[in-house]
Amino acid sequence: MKAILASALSLLILSAAAQEPKPVFRNDRKLLPVLWQQYAAEYRALCYQAFNIATERIARVKKKRRGRLAIVTDIDETLLDNSYSEAQLLKEGKSYSQADWKRWTDLSAATEVPGASEFLRFAKDRGISIFYISNRDTSETESTIRNLQKLRFPDADREHMLLLQNTSSKESRRQTVQQTHRIVMLLGDNLNDFARAFEKADIRQRFLETDTARAEWGRRFIVLPNATYGEWENALLQYQRNLPEQQKDSVYFRLLKGY
């Protein structure tokens, strides 16, 4: 009797399990990077480390009698965490589009990269102006300002906001700031946030330029972690951004270095 009941119970469990919706497993290259940004304590530690170093460097800056000082900073994945947008695209099975990105930024709902606003308020209290140079479209200006103000970022206004207009290169906008201020520090998650030399450069050249600027990292240049997207990914593809997804995967796999 016990054997019959056990057998019936097993059949019942198997039947129930068969009726449950099966989880959908996506072999998407951005899945783990997004989860890393949202859940890895190591990510938070790297952010705090970057801003701790930045704080120490700014504390040593001596203001000259003449000339105003400035920090130039990127926004996305440097100050604002947009992993929610990437996560939503994964859930909906989509790739990046400007329309979906605008839908996200209109919400002004990005959270702070750990340690970012506290550091910039520290710099502002020392008389340093903050300029935000981002390749967000100018149509996103108001929603970006709202988001930054909500998180208590200093100088979050039109005067200090230099968004994308004519070119994705940030060099001319950095030069605009240099006309009135001495730039004492640059913050970014992408090497293009620091110097023109990194723009459209191949992998070898990016390594070379990184080594050439070795003394600047952790001093004048502060880099935030971003494993989800960036110029490094474009360099892998030799800037052929419109390749089919399968072909991109083939390129990535071919570039892997084994032993």
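The values are calculated or read from the model by the stated rules, or taken from the named source; none is laboratory data. Because the structure is predicted, anything quoted here is derived from the model rather than measured. Positions of Cβ are backbone-derived with ideal geometry, glycine not excepted, and every protein chain shown enters the neighbour counts.
Within segment 230-256, count every residue that is polar (S, T, N, Q) and either part of a loop (DSSP other than H, G, I, E, B) or touching a Leu at 6+ places or on another chain (Cβ under 6 Å) (or both).
3
Give the residue, chosen from R136, R158, R152, that is among the charged types (D, E, K, R) and buried (at least 19 other Cβ atoms within 10 Å of the Cβ).
It is R136.
Residue check: is Y259 assigned to a loop (DSSP other than H, G, I, E, B), in contact (Cβ under 8 Å) with a residue 60 or more places away in the chain and over 22 Å from N52 (Cα atoms)?
No; evaluated as a whole, the condition is false for this residue.
How many residues does segment 84-124 contain that are in contact with a strand residue (DSSP E or B) (Cβ under 9 Å, 6 or more places away or on another chain), in a helix (DSSP H, G or I) and of a type in the set (G, A, S)?
Residues in segment 84-124 being in contact with a strand residue (DSSP E or B) (Cβ under 9 Å, 6 or more places away or on another chain), in a helix (DSSP H, G or I) and of a type in the set (G, A, S): 2 in total.
Looking at D76, D106, which one is crowded, with 19+ Cβ neighbours inside 10 Å, over 15 Å from R152 (Cα atoms) and acidic (D, E)?
Being crowded, with 19+ Cβ neighbours inside 10 Å, over 15 Å from R152 (Cα atoms) and acidic (D, E) holds for just one of D76, D106, which is D76.
Answer with yes or no whether A227 is in a helix (DSSP H, G or I), closer than 27 Å to A40 by Cα, in contact (Cβ under 8 Å) with a residue 12 or more places away in the chain and aliphatic (A, V, I, L, M).
Here the answer is no, as A227 does not meet what is asked.
Among the residues that make up segment 202-217, is at least one of them more than 21 Å from the chain's Cα centre (by Cα) and among the β-branched types (V, I, T)?
Yes, some residue in segment 202-217 is more than 21 Å from the chain's Cα centre (by Cα) and among the β-branched types (V, I, T).
Of the residues that make up segment 32-52, is at least one of a type in the set (A, V, I, L, M, F, W, C), more than 23 Å from L151 (Cα to Cα) and modelled with pLDDT under 95?
no
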